[in-house]
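Below is one structure, written out as structure tokens, with a few remarks after it.
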Amino acid sequence: MSRRPAGPMQKFWAVFRREYLERIQSRWYIFATVAGPVFFGSVITVPQILTRKAHPSADVSHIVILDATNTGLGARVAKVLNGGLLGDTLSAVVRPVVSAGLTSAQDAATAEIVNHQWTGYLVIDSAAMAGAEVYYAGRNASSVQDMNRLTAAVRRGILAQRLEAVGLDPQRIRALTDVRSEINADRITDQGRGGSAELSTIFAYLVAFTLYTMIVLYGNVILRAVVDEKSSRVAEVVVSSVSPDTLLAGKVFGVSSVAVTQVLLWVVMSAVVYKTRGPLLHLFNLDIPAIPFPTISGLSILALIAFWVLGFLCYAALFAGMGAIVTNQEDATQAALPVTMLVVLAVVLVVPALLDPNSTLARGASWFPFTAPIIMPVRMSVTQVSWYEVVSALLGVAIGCGVSVWIAARLYRVGLLMYGKRPSLRELGRWIRQAS
Amino acid sequence: MPAALELTHVTKRFDGHVAVRDLSLTVPAGAVYGLLGPNGAGKTTTIRMLLNVIEPDEGEIRVLGTSNSTPGVIDRVGYLPEERGLYKKMQVRRVLRFLAELKGVPGKQADKRIDEWLDRFGLITPERDWGDAKVDELSRGMQQKVQFIGTLLHDPELVLLDEPFSGLDPINAQALKDTVLDLRARGRTVIFSTHLMDNAERLCDSVCIIAKGQKVLDGEVTAVRDAHSGRSVALGFLVHPPQAVVEVLRDRALVLRSDDSNRSAEVELAPGADAQELLRRLIEAGAKLERFELIRSSLHQIFLETVGANGVEPGVIGDE
């Protein structure tokens, strides 16, 4: 029988092909790939749609205003509140009270709110006219959006009241006070305007959490694949045909490519949805203005991809190494815990890095090889990171990646044919030293 | 023709204990060779060293005429491990194709061979082509067949079977024996490790018995048996033997051990004693003999004698 000499490369490809093709053809993978964007999309849009729908009709307008100013300020605030998007059917009720009767009026209102007649009550007294604090109690007191709306309504009411006091025409007052400005913040970097700050943050989150999800998800896929190969004893046959290093490489790259394929498909699908968003939005009767993408330079994208790939490989190798030291799936999760903790550490640092991207903590985390792949892209998205910081962080990740692969290969070489109890740390140390 | 396998003074240690100690053996090309020994004797370690999965601490291993670390040489070896398993969720054909690819067989050629083998092992029937099924849909017996196919698919020149009969049903065991003989007829070399002496005796041309990592004896099966034969005699009496005959059998200068039951006995000659002398003494004592036969020891007995002398715990031999 003719046989071409099979070098490590051919064997690597055989392992790679098996890992890749078997996985992307699985029903779960196809489902997750299609359902993933739908799920993420709905996580983002459904609450928005719900709040939009809820906005005009309910919460803010459905309150009692206890007006102790005796000036008609309460009525003014109620009118501002009722001017909701769709012209509310529910309206705020104004109850004029005297200062002495305020406590009992509050008690009565509280009882009514408990009975679900209203959402909350607002107290306006003469101090409020002077610009002091206004008191509100209600079921929606923790809603930042509602409180912002209330505050704006009270301010407009007071302003109108003051303008009227100096003798301005009511018509003109309405025209002057009807201001609905909102802040649209842009980020400025060395290259000039870098797009919306809010979008940058969202983008940073997206980059960080995609990588995090992929590491945890596919790290565990690799972990399970290695343990499965070991516990089903397929490894016995396979290592007689291919060296453990080649097997490890084929596995890690095969599974990584499955993850990359998924992310690429998600990007493509998102792009398609974005291009065709007009008809789609129309379908849901929504009118959302075009979302400008944050401007990112080509070099930054290259750096992002490099962080992503190196970070993923680094963790994938560690998960594979951990898989090789155990014999069954139950032990596998435990063995992988230290690795999982490293990823979680990186994610815990995302928010501090977002809030203060130039703090010592954020800088430190973007150098440490195991947190850098997640933290550095976050910092790069929200602030200006100097190129030498990016390059040295990349170098750090590359070295970390090399060390991980080295450790994993050694654990793999010794562990793949070892069965029985989980080795102690000291034994692992010996494995790593002995494997040659 | 170079030897299919040559081990020269091979030693392997693990954490202070010696798994294989100074092992030398030669397997001639085209032979069926048995590596015999109780569990824990170092058979699997030896096989893993042959396959270059683990390296010996000392000594040299040559496979098919070249060092076993020569690139490509292990691709000419087929290996059936003691602990068997396949990718459960994979289609049978794909698993086999993968195993063939790892040995460097091009995909198309592999596909053709896979069909031939599946057919030969009865895995393609008019009702169902099991090649398209997933591994975990197959019965255990079928999975074992698939595993054999995986071992032989690349037409290896040297086949290593580690405890091939463990866990096999009688039908598959017979299929395996037939396959071994077929391989031999086609000039392939087969090495198998086992602790089941019956199979070894019937199939092997040569054997090597190892215990505690050391070689106890080796050689052609007939030579080994001859060397260990002639010390036992089977006796048959026409009538119940008289007391004088019993006295002869109790003479420790002549008989080391005797195992007698009514009209027959099996005796082991004492060192230095001669079978002819025993015959003469028995007849003098008035025995009416129906049978006097020098017994050739079975491998099983030789195994017990030689390995037992090396101090193996009782009970490890022959259990499944």
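Let me see the pair-distance distribution of region B:230-295: every alpha carbon pair, 10 Å bin width, integer percents in order.
24, 65, 11
Taking a cut-off of 22 Å between Cα atoms, list the lysines near B:Lys89, but don't count ones fewer than 8 places away on the same chain.
Straight-distance partners of B:Lys89: A:Lys11, A:Lys230, A:Lys251, B:Lys103, B:Lys134, B:Lys145.
Report, as an integer, the average count of C-beta atoms from other chains found within 10 Å of each Cβ along A:239-246. Can you show the working numbers first?
Numbers: counts 7, 17, 16, 5, 3, 1, 0, 1.
Across the residues of A:239-246, the mean count of other-chain Cβ atoms within 10 Å is 6.
How much mean residue ellipticity at 222 nm does the protein assembly as shown get from its helices, if each DSSP H run of length 4 or more adds -39500 (n - 2.57) and you divide by all residues, to the nearest 500 deg cm²/dmol? Working shown, then result.
Details: 29 runs with 396 residues, N = 756.
Dividing the helical sum by the residues of the protein assembly as shown leaves -17000 deg cm²/dmol.
As a test, work out the antiparallel percent of DSSP beta bridges whose residues both lie in the protein assembly as shown, rounded to the nearest 5. Can you show the working numbers first?
On the way: 46 of 73 bridges.
Within the protein assembly as shown, antiparallel bridges account for around 65 percent of the total.
Averaged over peptide B:101-109, how many Cβ atoms belonging to another chain are found within 10 Å of each residue's Cβ?
Details: counts 10, 13, 7, 9, 5, 5, 2, 0, 4.
Partner-chain Cβ atoms within 10 Å, mean over residues of B:101-109: 6.
Determine the equivalent ellipsoid of chain B by diagonalising the alpha-carbon gyration tensor, then write out the semi-axes as square roots of 5 times the eigenvalues, largest first, rounded to whole Å.
Working: eigenvalues 417, 114, 52 Å².
In descending order the semi-axes read 46, 24, 16 Å.
Could you put B:Ser258, A:Ser99 in order, starting from the residue whose Cβ has the fewest other Cβ atoms within 10 Å? All intermediate terms of the calculation are to be shown ahead of the outcome.
Numbers: B:Ser258 17, A:Ser99 11.
Sorted ascending by nearby Cβ count, the order is A:Ser99, B:Ser258.
Rounded to the nearest 20 debye, what is the charge dipole size of the protein assembly as shown about its Cα centre when +1 sits on each Lys and Arg Cβ and -1 on each Asp and Glu Cβ? All intermediate terms of the calculation are to be shown ahead of the outcome.
On the way: 77 positive and 75 negative charges, 392 e Å.
My answer is approximately 1880 debye.
Put +1 on the Cβ of each Lys and Arg and -1 on the Cβ of each Asp and Glu in the protein assembly as shown; which of A:Asn82, A:Ala137, B:Val32 then has its Cα farthest toward the positive end of the dipole?
A:Asn82
Return A:Leu428, B:Leu35 ranked ascending by Cβ neighbour count within 10 Å, so the fewest neighbours appear first.
Numbers: A:Leu428 19, B:Leu35 28.
Result, fewest neighbours first: A:Leu428, B:Leu35.
Arranged by the count of other C-beta atoms within 10 angstrom, fewest first, what order do A:Lys11, B:Lys215, B:Lys89 take? Intermediate results must be reported in sequence, preceding the final value.
On the way: A:Lys11 23, B:Lys215 18, B:Lys89 12.
In order of increasing Cβ crowding within 10 Å: B:Lys89, B:Lys215, A:Lys11.
Could you tell me the extents of the protein assembly as shown's C-alpha atoms along the three principal axes, largest first, rounded to whole Å?
153, 57, 56
Using Stokes-Einstein with the Kirkwood hydrodynamic radius over Cα pairs, what translational diffusion coefficient do you get for region A:58-177 at 25 °C and a viscosity of 0.890 mPa s, in µm²/s rounded to a whole number? Numbers along the way, then the final one.
Values: Rh = 14.5 Å.
Answer, rounded: 169 µm²/s.
As a test, work out the antiparallel percent of DSSP beta bridges whose residues both lie in region B:5-220, rounded to the nearest 5.
Values: 22 of 40 bridges.
Of all bridge pairs located within region B:5-220, approximately 55 percent are antiparallel.
Please compute the contact order of region A:58-177 in relative form: average sequence separation of alpha-carbon pairs under 8 Å and at least six residues apart, divided by the residue count, as a percent.
Numbers: 161 pairs, mean separation 35.0, N = 120.
About 29 percent, as a whole number.
Averaged over B:77-84, how many beta carbons belonging to a partner chain fall within 10 Å of each residue's beta carbon?
Details: counts 2, 3, 5, 3, 9, 2, 8, 5.
Across the residues of B:77-84, the mean count of other-chain Cβ atoms within 10 Å is 5.
Relative to the Cα centre, what is the charge dipole magnitude of region B:5-220, using +1 at the beta carbon of each Lys and Arg, -1 at the beta carbon of each Asp and Glu, and rounding to the nearest 20 debye? Could you put the intermediate results ahead of the total?
Numbers: 29 positive and 32 negative charges, 80 e Å.
Dipole size: approximately 380 debye.
What fraction of the DSSP beta bridges in region A:58-177 is antiparallel, stated in percent and rounded to the nearest 5?
Values: 4 of 13 bridges.
Around 30 percent of the beta bridges assigned by DSSP in region A:58-177 are antiparallel ones.
Please give the Cα centre distance for region A:122-185 versus region B:122-141, rounded to the nearest Å.
Measuring centre to centre over Cα atoms gives 78 Å.
Can you tell me, using C-alpha contacts under 8 Å and at least 6 residues apart, the relative contact order of chain B as a whole percent? Intermediate results must be reported in sequence, preceding the final value.
Values: 580 pairs, mean separation 65.1, N = 320.
Answer for chain B is 20 percent.
List the cysteines of the protein assembly as shown that have no other Cys Cβ closer than 4.7 Å: which are they?
Within the protein assembly as shown, the cysteines lacking a partner Cβ under 4.7 Å are B:Cys204, B:Cys208.
Read the figures in this text as sums done on the coordinates, not as results from a lab. For clarity, every value in this text was computed on a predicted model and none was experimentally measured. Ideal geometry is used to build each Cβ from the backbone, glycine not excepted, and the neighbour counts take in all protein chains shown.
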